[in-house]
Every structure is written in C-alpha cells, then in structure tokens.
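Asks: Take a look at the following structure, please.
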Amino acid sequence: MDPLVEIRGCRSRQELQAVVELCDEAFDDTAREYFERHMFKDGTISREDTRVLVRGGKIVSSVQVFPRTIYIGKKKVRMGGIGNVATLPSERKRGYAELVIRDAMEYMRRKGFQVSLLTTTINGYYKRFGFQTLNRQLVKIDVPPRQDQSHTEVFDSSRDAAQVMRLYDNYNAASTGPIVRDADYWRSQIGFCGEDAKLFLVWRDGEEILGYVRGRKETESTKILEYAFADGREEIAHALFADLTFRTERPKVEVFVSRTEKKRLTFLHSGQFEIDTFFMAALVGGGIDDRTMEVILPQSDFTFWLTDYF
Ligand SMILES: CC(C)(COP(=O)(O)OP(=O)(O)OC[C@H]1O[C@@H](n2cnc3c(N)ncnc32)[C@H](O)[C@@H]1OP(=O)(O)O)[C@@H](O)C(=O)NCCC(=O)NCCS
C-alpha cells in the first residue's frame with residue numbers, strides 16, 4: 001500500500017467535521033444538513049466508528065459504522081450499519097473506498113458485529129465485499145384523508161415516550177430486521193432522523209396509546225417512516241394513516257413492507273407493489289451461522305423503519 005496512505009478511525013471533532021465536508025462534496029443530491037445530523041446528533045457513534053483514509057494528511061475517503069442491534073428470528077444480533085461511503089471526486093477510482101470498506105469490515109469483525117447492512121443504488125459495487133441485495137416491496141396506495149380528533153394527537157415525548165417505546169418493542173420483537181431500541185437510542189434517533197415532529201401521531205384510547213405513525217410529507221406523497229399498533233388492531237393503523245394524509249394533504253401513501261407487515265396491513269393489498277433493491281446485507285462473522293442469511297434474504301421478510309436509516 002502507498003506509504004502516504006493511512007486508514008483509521010477519526011481522532012478529533014475537526015476530523016469528523018472534515019468528513020461532513022467530504023460527504024457534502026461527494027454526494028450531489030444530499031443536503032449537508034443530513035451529514036451533520038447523522039454525524040453529530042447520533043449519540044451512539046464514537047469517533048473511531050467513522051473510518052477514514054488519510055493521504056498526505058488529508059481525508060480523502062470515509063465510511064461510517066453505526067453500532068446497532070437488530071432482531072433476527074427472535075434473536076438479538078449485533079449489526080454494523082454502513083453509511084456515508086464517500087471519496088473526494090478528484091481521488092476516485094484509485095481503490096480508496098474499497099480499502100476503507102475492507103477496513104470497516106475488519107473493524108466490525110473485531111468489535112463483534114455479526115451482520116452489516118447498507119442502503120445503496122450501486123449494488124454491484126458492494127457485492128465484492130459479500131453484500132447481498134434484500135428484495136423488499138414498496139406499496140403505493142391512496143389513503144383518503146380523514147381527521148380523527150377523537151383519538152389522534154401529535155406525539156408528546158414527556159407524556160407518551162414510555163408507552164410508545166413499549167408498543168415498539170411489542171410490535172417488533174418477533175420480526176426480522178428492526179433495531180433493538182433502548183431509551184438512549186430513541187433519544188438519538190429522534191434527533192438524527194430529521195422527521196417533522198408534527199407528523200409523529202399517536203392514537204389513544206383514554207390514557208392508553210394503542211398505535212402510532214411517523215410520516216414525511218414529500219412533493220407528491222406521504223412517506224410512512226414507521227408505525228406500530230396493538231395486536232390485531234389494523235383499523236388503528238388505517239385511522240393513523242388517514243389522519244396523516246389529512247395533515248400532509250397528500251393522499252398518496254408510500255410504505256415499504258416486509259411479508260410480515262403485508263400480512264398485518266391487509267388494507268394495503270389493493271395498492272401498487274414495486275420491488276425495491278435499495279437494501280443490502282452481509283455476514284460479518286462471529287457467532288452467527290449461514291442460516292441467518294437464509295432467514296434474511298430470500299423471503300422479502302425484512303422490516304427496517306425509515307426513521308432508523310443511517
Ligand atoms: C462510490 C464511491 C465511494 C467510490 O469511491 P472510489 O474511491 O472511487 O471507489 P473505488 O476506487 O474503490 O472503486 C470505484 C468503483 O466504484 C464504482 N462506482 C462508483 N460510483 C458508481 C456508480 N454511481 N455506479 C456504479 N458504480 C460506481 C466504479 O465503477 C468503480 O468500479 P471498478 O472498481 O469496478 O472500476 C465514490 O464514487 C463516491 O464518493 N460517490 C458519491 C457518493 C456515493 O454514491 N457513495 C456510495 C453510496 S452507497
């Protein structure tokens with residue numbers, strides 16, 4: 001390897017800031033604010049988790065490893081989320097990103113991560129590191145707007161957080177893919193996910209919260225970022241979606257669904273389904289058998305909430 005090249009974790013806030021600048025320059029369609037948010041509002045990531053290639057004293061390539069745990073087939077599995085893979089435009093095609101990604105894979109192995117996930121549109125590139133595409137389904141459906149003043153309210157952290165966290169755990173613990181969230185993770189995630197707080201709605205029956213939804217208003221549609229509801233109460237999800245489209249004034253709803261979620265939300269079945277290939281997964285090693293990938297990959301049964309994107 002070039003003796004001028006060094007690959008390592010970041011050592012200072014200035015270096016993290018340099019990675020924000022690098023990502024801002026590398027990604028044409030993403031606002032700088034996005035990188036700042038994921039760099040500085042995510043309290044779960046350490047300096048060392050931002051891996052960089054330094055050449056002649058300058059950071060030219062970066063990869064971040066977001067430390068997470070996910071549910072897979074009733075087990076809790078350590079997962080390294082790969083994000084912000086970037087090389088300065090003037091330094092591309094010299095194998096720098098490949099070196100940093102290989103370092104990140106080794107770093108995850110050392111740290112005891114068992115699987116890794118990433119989102120991408122250049123799936124072919126990541127195959128060489130062992131990543132395989134997860135085929136998910138994107139549903140597009142019209143949900144007629146309807147205000148539900150009797151049950152629906154905007155989420156209020158001090159009043160609702162404990163119940164929402166419990167509902168999340170109950171809804172997701174038997175699925176494959178969702179992040180295992182503790183209170184610290186929730187706090188971080190509410191900061192880094194960049195949602196519009198007015199579009200985080202809870203559905204309550206008296207004091208009890210029986211469902212929630214988090215959404216985003218897009219140019220022509222409402223994107224569902226996340227939801228959960230009490231067992232068997234699908235009508236609550238429908239009411240929440242309808243109240244959300246009332247607030248966004250965008251009746252067209254887009255939501256990613258796994259097989260499990262498709263079974264839970266039967267009202268989506270009349271929508272238009274597309275295959276989405278944005279997600280990839282790899283085994284990193286350490287205490288996990290190959291059958292894990294058999295669980296994750298072929299059955300389109302991977303649930304990952306957009307609020308958790310890294
Ligand atoms: C993707 C990126 C990190 C690669 O950095 P790099 O240091 O040039 O990477 P490497 O030299 O290791 O590899 C370059 C490879 O990436 C491939 N690549 C880069 N951008 C690509 C694209 N948009 N579509 C398909 N392949 C792409 C190149 O074809 C090349 O493949 P090859 O090795 O078969 O020739 C860099 O192009 C970049 O910063 N892009 C903008 C940000 C981005 O898209 N990041 C990835 C998000 S998942």
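Only the coordinates and a few stated rules stand behind these numbers; no lab work does. None of the values given here were measured: they were computed from a predicted structure. Here Cβ is always computed from backbone atoms with ideal geometry, including for glycine, and neighbour counts include all displayed protein chains.
Asks: Expressed as an acute angle from 0 to 90° and rounded to the nearest 10, what is the orientation of the C-alpha long axis of helix 234-248 relative to the principal long axis of the chain?
Replies: For 234-248 against the chain, the angle is about 70 degrees.
Asks: Expressed as an acute angle from 0 to 90° and rounded to the nearest 10, what is the orientation of the C-alpha long axis of helix 157-172 relative to the principal long axis of the chain?
Replies: Tilt of helix 157-172: around 80 degrees.
Asks: Helix 13-26 versus the longest principal axis of the chain: what angle, 0 to 90°, nearest 10, using Cα atoms?
Replies: Once rounded, the angle reads 80 degrees.
Asks: Run the numbers on the chain and let me know its relative contact order in percent, using alpha-carbon pairs under 8 Å that are six or more apart. List each step's numbers first, then the result.
Replies: Working: 624 pairs, mean separation 71.4, N = 310.
It rounds to 23 percent for the chain.
Asks: In the structure shown, do any of K74/K263; K76/K223; K217/K252; K58/K127; K76/K217; K58/K93 have a Cα-Cα gap over 21 Å, and if so which?
Replies: Checking Cα-Cα distances, K76/K223; K58/K127; K76/K217 exceed 21 Å.
Asks: What's the ranking of 88-96, 276-284 by average number of surrounding C-beta atoms within 10 Å, highest first?
Replies: Averaged packing, sorted descending, gives the order 276-284, 88-96.
Asks: Taking springs between alpha-carbon atoms closer than 10 angstrom, which of D148, D29, D182 fluctuates most in the Gaussian network model of the chain?
Replies: Checking each option, the largest mean-square fluctuation is seen for D29.
Asks: Could you tally the net charge around G95, taking each other residue with its Cβ under 14 Å from the Cβ of G95, Lys/Arg +1 and Asp/Glu -1?
Replies: On the way: positive: R55, R92, K93, R94, R102, R128; negative: D2, E91, E98, D103.
Summing Lys/Arg as +1 and Asp/Glu as -1 gives +2.
Asks: Give me the net charge of Y71's neighbourhood, meaning all other residues with Cβ under 14 Å from the Cβ of Y71; Lys, Arg count +1, Asp, Glu -1.
Replies: Cβ neighbours under 14 Å give a net charge of +1.
Asks: Which of the peptides 3-13, 227-237 is most tightly packed, and how do the rest follow, judged by the mean count of other Cβ atoms within 10 Å per residue?
Replies: 227-237, 3-13
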